[in-house]
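Chemist: Quick one: the structure is below, questions incoming.
The values are calculated or read from the model by the stated rules, or taken from the named source; none is laboratory data. Bear in mind the structure is a predicted one, so any value in this text is a computation, not a measurement. Cβ placement follows ideal geometry from the backbone for every residue including glycine, while neighbour counts extend to all protein chains displayed.
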Amino acid sequence: MNIILLGPPGAGKGAQAKRLEAERGMVQLSTGDMLRAAATAGTEVGKLAKTLMESGQLVPDEVVVRVIAERIDALDRRAGFTLDGFPRTVYQADALADLLAQRGMVLDAVIELSVVDGKLVERNVGRFACAACGEGYHDRFKRPAAEGVCDRCGARTFNRRTDDNEATIKSRLAVYREQTAPLVDYYRRRGQLHSIDGTAPIDEVSRQIDAALGRPSQHAEMRPLS
Ligand code: AMP
């Protein structure tokens with residue numbers, strides 16, 4: 001199954017993509033992760049991307065489309081994939097449709113995680129991740145059970161993204177509204193969109209995604225407290 005997770009920065013796309021990878025083997029394809037790796041490696045793409053990422057602007061469409069096409073070509077198709085952070089413009093969505101059609105592949109669903117703007121600055125500013133396994137944490141919402149030790153792998157080193165500061169987040173949100181939000185209608189018109197409340201508790205978001213994808217969920221239904 002091949003899907004897109006669509007939503008503003010901090011909506012929970014990365015966490016859900018990691019979960020789908022762990023539970024269903026669907027490969028997480030995060031263009032942000034690919035560009036950060038290229039920036040760390042100092043490649044031509046990475047040098048170009050670095051300044052744009054630090055200012056919260058988008059990397060040019062042709063560059064990102066080339067990066068994702070190479071990654072899709074290297075995939076084991078049986079596994080399926082979750083696109084996380086791609087497409088981000090109508091140009092990229094058209095390019096994705098072309099590149100899947102050329103390869104005889106299909107897009108099965110687009111899941112929108114919607115979160116109102118007011119919550120997003122706080123969600124982004126507090127995040128950090130385990131440097132070893134990538135498990136995500138948050139200063140307020142999800143601290144490791146033992147301070148300074150990753151719950152999942154026991155490592156003691158954590159990273160914060162340089163673009164998770166208030167000024168850059170505000171420009172990333174503005175870019176999202178202007179350039180990416182039109183994709184909600186784009187996919188709704190094509191009958192592919194499933195919209196989910198990204199502010200619900202994480203297990204509930206997981207359950208709703210699983211319901212949209214049409215397979216039994218490992219996440220129990222939340223019942224209202226009586
Ligand atoms: P993310 O990790 O998805 O929040 O992306 C971090 C940054 O990488 C973005 O603010 C952009 O500068 C760049 N980026 C990631 N994905 C794309 C994309 N599909 N198109 C353009 N720029 C991207």
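Chemist: Restricting attention to region 106-126, which residues are farther than 18 Å from Ala200 by Cβ and either touching a Ser or Thr at 6+ places or on another chain (Cβ under 8 Å) or of a type in the set (Asp, Glu) (or both)?
Modeler: Asp108
Chemist: Between a first residue in region 48-72 that is more than 25 Å from Glu166 (Cα to Cα) and a second residue that is β-branched (Val, Ile, Thr) and more than 8 Å from the ligand (Cβ to nearest atom), which pairs have beta carbons less than 8 Å apart while being 6 or more apart in sequence or on different chains?
Modeler: Short answer, once both residue conditions are applied: Val63/Val45; Val67/Val45.
Chemist: Still on this structure, I have one more. Hey, could you check region 47-106 for residues that are part of a loop (DSSP other than H, G, I, E, B) and more than 10 Å from the ligand (Cβ to nearest atom) and say which is modelled with the lowest pLDDT? Can you show your working first?
Modeler: Going residue by residue through region 47-106, those that are part of a loop (DSSP other than H, G, I, E, B) are 56-60, 74-76, 80, 85-89, 103-106.
Filter again for more than 10 Å from the ligand (Cβ to nearest atom), leaving 74-76, 80, 103-106.
Values: Ala74: 94, Leu75: 94, Asp76: 89, Gly80: 95, Arg103: 95, Gly104: 95, Met105: 96, Val106: 96.
Of everything passing the filter in region 47-106, Asp76 is modelled with the lowest pLDDT.
Chemist: Right, another one. When you check Gln208 against the structure, is it away from the ligand (no atom under 14 Å from the Cβ) and in a loop (DSSP other than H, G, I, E, B), yes or no?
Modeler: Spelling it out, it is not the case that Gln208 is away from the ligand (no atom under 14 Å from the Cβ) and in a loop (DSSP other than H, G, I, E, B).
Chemist: Since Leu5 meets every condition but one in (1) assigned to a strand (DSSP E or B); (2) more than 8 Å from the chain's Cα centre (by Cα); (3) within 11 Å of the ligand (Cβ to nearest atom), which condition does it not meet?
Modeler: (2)
Chemist: Just the residues that are part of a loop (DSSP other than H, G, I, E, B) and surrounded by fewer than 17 Cβ atoms within 10 Å (Cβ to Cβ), please, taken from region 182-205.
Modeler: Arg190, Gly191, Gln192, Thr199, Ala200, Pro201
Chemist: Sticking with this one: Collect the residues in region 146-187 that are away from the ligand (no atom under 14 Å from the Cβ) and of a type in the set (D, E, K, R), keeping them in residue-number order.
Modeler: Listed by number, the residues that qualify are Glu147, Asp151, Arg152, Arg156, Glu166, Asp185.
Chemist: Can you tell me which residue within region 118-149, out of those that are among the small types (Gly, Ala, Ser), assigned to a loop (DSSP other than H, G, I, E, B) and at negative phi, is farthest from the chain's Cα centre (by Cα)?
Modeler: Result: Ala146.
Chemist: Of the conditions (1) touching an Asp or Glu at 6+ places or on another chain (Cβ under 6 Å); (2) in a strand (DSSP E or B), Arg152 fails just one. Which one is it?
Modeler: With (1) touching an Asp or Glu at 6+ places or on another chain (Cβ under 6 Å); (2) in a strand (DSSP E or B) applied to Arg152, the lone miss is (2).
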